Amino acid sequence: MSGVSDPAETSSAFSHSEILSIIFGLMLAMFLAALDQTIVATALPTIGADLGDFVNLSWVVTAYLLASTTVTPLYGKLSDIHGRGVVLLVAIALFSIGSLACAMSQSMLMLIVSRGLQGLGGGGLISLAQTVIADVVSPRERGRYQGYFASVFAVSSIAGPVVGGVFAQHVHWSLIFWINIPLGLAAFLVMRKMLGRLPRHGRPHELDFLGCGLMVVSSTTLLLAMTSGGVHYPWTSPEILSLLAVSVVTGILFVWRMRTASEPFLPLSILADPVVGNATGAACFIYGTMIALTIMTPLYFETARGFSASMAGMALIPQMAATVVGAVAGGRAMALLTHYKRPAVAGMVLAVACLLAAAVIPADLPVWIWVVLLTVASVGMGMVFPISTVCIQNAVPLHLLGTATGAANFFRALGGALMVALLGAVFIGALGVSETGDFAQLAHGADQGKLHSAFSLVFGGGAAALACGLVFLIAMKELPLRATVREAAEAMPIE
């Protein structure tokens with residue numbers, strides 16, 4: 001339990017410049033995955049017109065979401081078995097090959113299949129990047145670097161729709177996929193040089209194929225139900241109810257398999273840990289709410305306040321910038337404070353209060369008041385992300401580091417899909433419309449009074465979700481952060 005690193009760690013330690021080089025490569029990899037979640041949206045109408053298929057257009061987004069979300073925990077497990085370096089390089093290669101196939105697609109079916117392949121690579125980029133940082137930077141210092149990663153998501157959320165629209169309108173939609181090739185090659189070359197030196201913390205592992213399959217089926221059917229319900233099919237339709245039933249049954253079988261397998265794909269003891277379980281719950285609710293707000297906030301400004309589409313997107317910039325500010329502040333608190341959780345708790349209390357205020361203030365108040373409230377709330381939400389990730393990694397032994405990080409990212413992505421579906425259902429229900437369709441389609445032309453009431457319920461629902469995340473954050477045990485990468489890691493009780 002000593003605070004002194006062992007010789008193995010000292011001999012393989014990275015210099016500050018080498019760590020910065022690794023972070024640059026990881027940011028490139030994360031940027032690839034984050035950008036492709038946003039850049040396609042504004043180009044979809046042009047893609048549909050060029051390929052002559054609007055009916056299946058939503059699958060261009062859904063295929064990537066399904067593939068990237070469901071394989072995230074698999075990448076974590078594989079990195080524990082085979083090492084981070086080779087698995088991350090495989091993820092970058094898969095993503096780049098998928099991007100090339102997308103750019104060369106001549107039909108909607110080919111594009112959808114290529115997006116699925118791209119998602120198979122993209123699902124590993126984010127969680128593996130966070131895991132690699134855990135291999136080279138101590139938990140005490142790791143929070144400082146989370147601000148860099150938060151900035152990647154903020155930039156991709158803002159720049160993605162703009163770049164996608166410009167490419168589709170003024171050049172060609174395939175360029176949004178072609179640009180991934182040089183970016184992917186740069187990430188591959190930067191990472192290949194350093195990743196071979198990453199320490200291996202392995203014990204002999206076996207991959208639980210049955211457990212993996214059950215998890216993929218359960219999560220895929222749940223995501224299909226969440227992304228199709230209220231949009232393509234009514235929530236009470238046989239299609240949606242069947243998907244939910246399959247998800248529940250396979251989910252129960254997955255839990256049974258995790259309790260009986262000799263080496264389960266996702267040990268339940270990880271999620272039962274007072275740090276990992278509560279940190280995962282907090283990130284699930286808070287990240288999910290943030291994703292839902294990035295969709296609902298521009299819609300609010302465009303439909304309820306009469307902004308143009310471009311101005312509504314501009315109004316989102318303070319929110320995304322504030323998320324980065326919060327992540328940086330939360331990460332620095334971890335490096336400086338013994339009770340590093342307190343700033344994030346205070347920030348979340350303020351975030352809940354701001355969303356409640358946005359839900360109850362009169363609709364005729366100046367727009368800047370909403371912008372300020374949502375910006376302050378975003379600071380509080382951003383503070384939680386580095387803390388939840390680092391605390392999870394600090395609480396598990398190194399041989400389970402990839403599994404725990406992958407599982408946390410899986411549940412965080414799942415929380416995003418669930419919160420978008422939930423707040424979307426609240427919004428559509430408050431509008432009183434019975435037909436299916438996306439939020440923007442159903443909101444345009446709706447009565448202004450109903451719109452304001454619907455958005456009040458959305459912001460109120462967001463406040464309730466943040467309050468649930470706050471409860472998990474408060475309940476999370478505040479372990480001392482290790483001062484070195486290996487310090488006390490293998491003495492952790494989780495198996």
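The values are calculated or read from the model by the stated rules, or taken from the named source; none is laboratory data. These numbers were taken from a predicted model, which means no experiment stands behind them. Every residue, glycine as well, gets a Cβ built from its backbone with ideal geometry; the counts of neighbours run over all protein chains shown.
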Inset, instruction - Report yes if some residue within segment 42-52 is under 29 Å from THR220 (Cβ atoms), in a helix (DSSP H, G or I), at pLDDT below 80 and among the small types (Gly, Ala, Ser); otherwise report no. - result: yes
Inset, instruction - Please find, within segment 443-489, the residue that is modelled with the lowest pLDDT out of those that are within 23 Å of PRO267 (Cβ to Cβ) and over 28 Å from the mean Cα position of the chain (by Cα). - result: ALA488
Inset, instruction - Give me the pairs, please: first residue somewhere in segment 356-376 and in contact (Cβ under 8 Å) with a residue 24 or more places away in the chain, second residue anywhere and basic (Lys, Arg), beta-carbon distance under 8 Å, and either six or more positions apart or on two chains. - result: VAL367/ARG305
Inset, instruction - Kindly check whether there is at least one residue in segment 340-355 that is modelled with pLDDT of 85 or more, more than 26 Å from HIS452 (Cβ to Cβ) and not in a helix (DSSP H, G or I). - result: yes
Legend entry - Options SER127, SER96; residue that is at pLDDT 90 or above, under 21 Å from THR69 (Cα atoms) and part of a helix (DSSP H, G or I): SER96
Inset, instruction - Run down THR227, THR221 and say which single residue is modelled with pLDDT of 85 or more, within 21 Å of GLY123 (Cα to Cα), of a type in the set (Val, Ile, Thr) and in a helix (DSSP H, G or I). - result: THR221
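Determine whether segment 84-101 contains at least one residue that is within 23 Å of ILE179 (Cβ to Cβ) and among the polar types (S, T, N, Q). Lay out the reasoning, then the answer.
So the first thing to find is which residues in segment 84-101 are within 23 Å of ILE179 (Cβ to Cβ), and the list is 88-101.
Those left that are additionally among the polar types (S, T, N, Q): 96, 99.
Checked against the condition, which is being within 23 Å of ILE179 (Cβ to Cβ) and among the polar types (S, T, N, Q), segment 84-101 yields at least one hit.
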Legend entry - Pair list, Cβ under 8 Å, 6 or more apart: segment 221-235 residue farther than 18 Å from VAL426 by Cβ and free of Cβ contacts under 8 Å to residues at least 60 places away in the same chain, other residue surrounded by fewer than 19 Cβ atoms within 10 Å (Cβ to Cβ) and of a type in the set (A, V, I, L, M, F, W, C): THR221/LEU244; THR221/VAL246
